[in-house]
Every structure is written in structure tokens, then in C-alpha cells.
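**Q** Here it is: the structure, laid out below.
The values are calculated or read from the model by the stated rules, or taken from the named source; none is laboratory data. On a predicted model such as this, the values are computed, not experimentally measured, just so you know. Because the Cβ atoms are built from the backbone with ideal geometry, glycine has one as well, and the counts that use them run over all protein chains shown. Remember, those area values only see protein heavy atoms, side chains included, never the ligands or the DNA or RNA. Shrake-Rupley method; radii C 1.70, N 1.55, O 1.52, S 1.80 Å.
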Amino acid sequence: LLQDQSGHYTARGLADAAEIQFVVDTGASVVVLTEADARRAGIEVAALSYNVPVSTANGRTTAARVRLGNLSIGEISRENVQALVARPGALEPSLLGMSFLTALASFEFRGDRLILTD
């Protein structure tokens, strides 16, 4: 993955077959989806319970706990990935957090590249 102009690493992935643009966030303990991305991934957002306290760069809020059947970044795919859905309007874009990254053999920052190894 290449670093973008703002200094972030972004990844286009599939969450339960829905295409999602993620920002890689090693400070996020889990994958976090925006409400819109969760809806596109087939999650019934109206039925979610936003009862998980989270701290963000914008302050404290709550999110809803979910499991993704499959999450893929390029050729790397993981099943049954723990994730959160952010409250509507609380997050943009979705975050590729440690619940995916720690399931990899390794990830390494090398200059302006982030290398994910299966």
C-alpha cells in the first residue's frame, strides 16, 4: 500500500463483498465501518446497539459491535473479523484496524509503503 498525500495509508477492500475504502489505523484496536459502509456490507444498521464506548480523535462516542463474515484486502482474506460500526456521522472513512492487521503474518512500514504479508 502506498502512502497518500495526507500521510495516510489507504486500502481498497471487500467487507462481505461490499467494496470499501479504508484508512489503515494501527491505533484502532478493531476494524471500524462507517454506517454507510456497514449498510453496503449487508449489516442491518437499524437493528444495531451502539453500546461500545470508544475514544476517537474527535472525542468519546459509542459504536456497535459486529462480525464480518469475510474481509479482504487484495489477495489477503480473513473470515469472522471483529469490527465496530460507528454512529451515523461519527467517522469518515472506515478504518482498517488491528483486528485485521494482527491476523496477518506481518505488516511493515518501509518508506512510503505499507507491506502486508499473509
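**Q** For segment 31-43, does any single residue satisfy the condition of being surrounded by fewer than 19 Cβ atoms within 10 Å (Cβ to Cβ) and β-branched (V, I, T)?
**A** no
**Q** Looking at segment 53-74, is at least one residue within 27 Å of F109 (Cβ to Cβ), modelled with pLDDT of 95 or more and under 10 Å from the mean Cα position of the chain (by Cα)?
**A** So far as segment 53-74 goes, yes, one or more of its residues are within 27 Å of F109 (Cβ to Cβ), modelled with pLDDT of 95 or more and under 10 Å from the mean Cα position of the chain (by Cα).
**Q** Further question on the same structure: So, of the residues in segment 73-99 that are polar (S, T, N, Q) and surrounded by 18 or more Cβ atoms within 10 Å (Cβ to Cβ), which turns out to be nearest to V24 (Cα to Cα)? Step through it out loud before you land on a result.
**A** Going residue by residue through segment 73-99, those that are polar (S, T, N, Q) are 77, 80, 82, 94, 99.
Keeping just the survivors that are surrounded by 18 or more Cβ atoms within 10 Å (Cβ to Cβ) gives 94, 99.
Working: S94: 9, S99: 11 Å.
Per the criteria, the residue is S94.
**Q** For segment 3-16, does any single residue satisfy the condition of being assigned to a loop (DSSP other than H, G, I, E, B), open to solvent by 70 Å² or more (accessible area, probe 1.4 Å), modelled with pLDDT under 95 and among the acidic types (D, E)?
**A** no
**Q** Continuing with this model, one more query. State all residues of segment 13-41 that are among the charged types (D, E, K, R) and free of Cβ contacts under 8 Å to residues at least 40 places away in the same chain; if no residue qualifies, say none.
**A** Applying the first criterion (among the charged types (D, E, K, R)) to segment 13-41 yields 16, 19, 25, 35, 37, 39-40.
Those that are among the charged types (D, E, K, R) and free of Cβ contacts under 8 Å to residues at least 40 places away in the same chain: E19, R39, R40.
**Q** Is there any pair linking a residue in segment 57-69 that is of a type in the set (S, T, Y) to one that is not in a strand (DSSP E or B), with Cβ under 8 Å and at least six apart or on different chains, and which?
**A** Going by the 8 Å Cβ cut-off, the qualifying pairs are T61/R87; T61/A90; T62/R87.
**Q** What is the one condition in (1) under 13 Å from the mean Cα position of the chain (by Cα); (2) of a type in the set (A, V, I, L, M); (3) farther than 13 Å from R65 by Cα that A38 does not satisfy?
**A** (3)
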